[in-house]
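Since the structure comes first, as structure tokens, the remarks are kept for the end.
The values are calculated or read from the model by the stated rules, or taken from the named source; none is laboratory data. Because the structure is a prediction, the values reported are computed rather than measured. Here the Cβ positions follow ideal geometry from the backbone for every residue, glycine too, while neighbour counts run over all protein chains shown. The protein model used for the area step is the full one, side chains on, heavy atoms only, and it has no ligands, DNA or RNA in it. Shrake-Rupley method; radii C 1.70, N 1.55, O 1.52, S 1.80 Å.
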Amino acid sequence: MTSTQQRAELQRQIWQIANDVRGSVDGWDFKQYVLGTLFYRFISENFAKYIEGGDDSINYAELSDDVISPEIKDDAIKTKGYFIYPNQLFANIAAGANSNDSLNTDLANIFADIEASANGYPSEVDIKGLFADFDTTSNRLGNTVKDKNSRLAAVLKGVAGLSFGEFESNQIDLFGDAYEFLISNYAANAGKSGGEFFTPQHVSKLIAQLAMHKQDKVNKIYDPACGSGSLLLQAKKHFDAHIIEDGFFGQEINHTTYNLARMNMFLHNINYDKFNMMLGNTLIDPHFGDDKPFDAIVSNPPYSVKWIGLDDPTLINDDRFAPAGVLAPKSKADFAFVLHSLSYLSSKGRAAIVCFPGIFYRGGAEKKIRKYLIDNNFVETVISLAPNLFYGTSIAVNILVLSKHKTDTKTQFIDASSLFKKVTNNNLLEDKHIKQIMEMFDGKDDVAYLAQRVEHDVIADNDYNLSVSAYVEAEDTREKIDITVLNAELKTTVAKIDQLRSDIDIIVAEIEG
């Protein structure tokens, strides 16, 4: 079986588990149990392999908890960030799940112990609350303890039956891919509630390439509205791990999604000391001010979300917003996220931000912010994408690429709205489409109907409109008609009709005579 076939089969099995086991539990709610169980298995096997250290004579799962010395535990937590005793390992719990009358409370205690093991260590903030959404006592699992245990056992057994191959060779990639597969499927089936926090991998791949274009290495990468972390992880997938020197940073306002992002980091083999995810509202309680600037910023912030804006008079003096001299409208925070990202961007880096198209042509405060961005030469490229690429919305969004190291004052506009493959529910950016966009972005050449570079004064004279359609002429695909030829054809046709009428008149006259 090829790796592609193995991955496809694994995804089929995982989705089957999710559908078979959930029963009366809503799919969107039940995702936490499938995702949490997958994560529990991963960290158990990852931790066991670390303790065994490649020694085939040691099987950590078969050891007694009593043989674990305080020194071993201390060293493991400093390295891995957490500790799991042998009898707490996923394999041991799953093996006895069907006959365990206290399965739900045992799992709750194990998860609490894993989180508590990091208390007082540098990893505490990265581990704390990881299992908060895996509520094994919830009535969503059933009305009785027996019902809860039955469903939990089914999930454990289902995930235990998945074959990930040899851990050292490919298990980490497969775990991470399986996790993202589950998240993407739940997002696709949950409509807006799911699409809010998940950027499809094909779009994430383009955004990551734009942000890291021609950077041999970056100090760190940041997403101010990181969701489940899919954008950050695409940067890791696209480049060798060592190119991102100081790790992955993200902030997320939703607690459940924040936990998904931290789990996602672990599942892609990013250790706790190489990522920093924080919970909170980026616009009014931003983290990582001491860690900026960042060489790469990727983001798909919520579209036109409300924020406090002018109701907080201190924000106009905030270092992030003050240079523009105006705040984003209270009803549309899009440009607040843009200015925040710009403030965190290094002089050599790029920010690639998914934006709602309305912010590029509306007046008022948004026009003033566009003027600030253009007059200060921060806008490198605006790219319009095809519609229906994202879960939960059919809007044809744009990508705004910000840079502080442009060598001229022109702004590039790329119309990529025709570059997609039609699939069942959503459109898809294929690798060939991403390659074509990146070639235009890199070359900065004018391409008929696709790309155009525009002088600052032209944009200024156009009310600082940054809509791609204002500068890239759409190709006229209508059939071209030669009027001279058409008139000649009409003349011939009319003559034939006149002759036909004359012939008919003669025939009628003969019949009547």
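Structural remarks
- Beta carbons closer than 8 Å, at least 6 apart along the sequence or on distinct chains, pair a first residue in region 319-331 that is free of Cβ contacts under 8 Å to residues at least 40 places away in the same chain with a second that is open to solvent by 40 Å² or more (accessible area, probe 1.4 Å) and among the charged types (D, E, K, R) for Lys330/Lys306; Lys330/Asp311; Ser331/Lys306.
- Restricting Ala190, Ala153, Ala235, Ala211 to those that are under 25 Å from Leu279 (Cβ atoms) and modelled with pLDDT of 90 or more reduces the list to Ala211.
- Checklist (1) modelled with pLDDT under 95; (2) of a type in the set (Gly, Ala, Ser); (3) over 24 Å from Thr144 (Cβ atoms) applied to Gly81, failing item: (1)
- Boolean, Phe441 is open to solvent by less than 50 Å² (accessible area, probe 1.4 Å), among the aromatic types (Phe, Trp, Tyr) and closer than 26 Å to Lys214 by Cβ: yes
- The number of residues in region 101-136 being in a loop (DSSP other than H, G, I, E, B) and under 31 Å from the mean Cα position of the chain (by Cα) comes to 15.
- Residues being over 18 Å from Ala470 (Cα atoms) and open to solvent by less than 50 Å² (accessible area, probe 1.4 Å) - total across region 345-362: 8
- Residue match in region 86-108 (condition: at pLDDT 95 or above and on the phi > 0 side of the Ramachandran plot): no
- Annotation note: Cβ proximity below 8 Å between a residue of region 290-315 that is free of Cβ contacts under 8 Å to residues at least 40 places away in the same chain and a residue that is of a type in the set (Phe, Trp, Tyr) (sequence gap 6+ or interchain) occurs for Leu315/Phe321.
- Evaluation of Ala76 against (1) open to solvent by 20 Å² or more (accessible area, probe 1.4 Å); (2) part of a helix (DSSP H, G or I); (3) farther than 24 Å from His255 by Cα; (4) out of contact with any Ser or Thr (no Cβ under 7 Å at 6 or more places or on another chain) (one fails), failing number: (1)
- Taking the criterion of being small (Gly, Ala, Ser) and on the phi > 0 side of the Ramachandran plot, the only residue of region 380-439 that qualifies is Gly392.
- Neighbours by Cβ (under 8 Å, 6+ apart or cross-chain): first from region 52-66, assigned to a loop (DSSP other than H, G, I, E, B); second of a type in the set (Val, Ile, Thr) and open to solvent by less than 60 Å² (accessible area, probe 1.4 Å): Ile58/Ile51
- Of all the numbered requirements in (1) at pLDDT below 95; (2) closer than 24 Å to Phe164 by Cβ; (3) surrounded by 12 or more Cβ atoms within 10 Å (Cβ to Cβ), Arg140 misses one, and that requirement is (2).
- Single residue of region 237-289 satisfying the filter (closer than 26 Å to Ile308 by Cβ and acidic (Asp, Glu)) that is least open to solvent (accessible area, probe 1.4 Å): Glu252
- Output for region 448-470, where each listed residue is open to solvent by less than 50 Å² (accessible area, probe 1.4 Å) and more than 14 Å from Tyr372 (Cα to Cα): Leu450, Ala451, Val454, Ser467, Val468, Ala470
- Residue in region 116-128 that is open to solvent by 10 Å² or more (accessible area, probe 1.4 Å), within 18 Å of Phe275 (Cα to Cα), at pLDDT 95 or above and touching a Leu at 6+ places or on another chain (Cβ under 8 Å) present: no
- Subset of region 27-60 that is open to solvent by 50 Å² or more (accessible area, probe 1.4 Å) and closer than 20 Å to Lys157 by Cα - its residue that is modelled with the highest pLDDT: Glu45
- Residue check, Ile399 open to solvent by 40 Å² or more (accessible area, probe 1.4 Å), among the β-branched types (Val, Ile, Thr) and under 22 Å from Asp431 (Cα atoms): no
- Checking Ala324 against (1) over 16 Å from Arg362 (Cβ atoms); (2) open to solvent by 10 Å² or more (accessible area, probe 1.4 Å); (3) hydrophobic (A, V, I, L, M, F, W, C), the condition it does not meet: (1)
- Members of region 363-391 that are outside any helix (DSSP H, G or I), in contact with a Lys or Arg (Cβ under 9 Å, 6 or more places away or on another chain) and crowded, with 18+ Cβ neighbours inside 10 Å: Phe378, Val379, Glu380, Thr381, Tyr391
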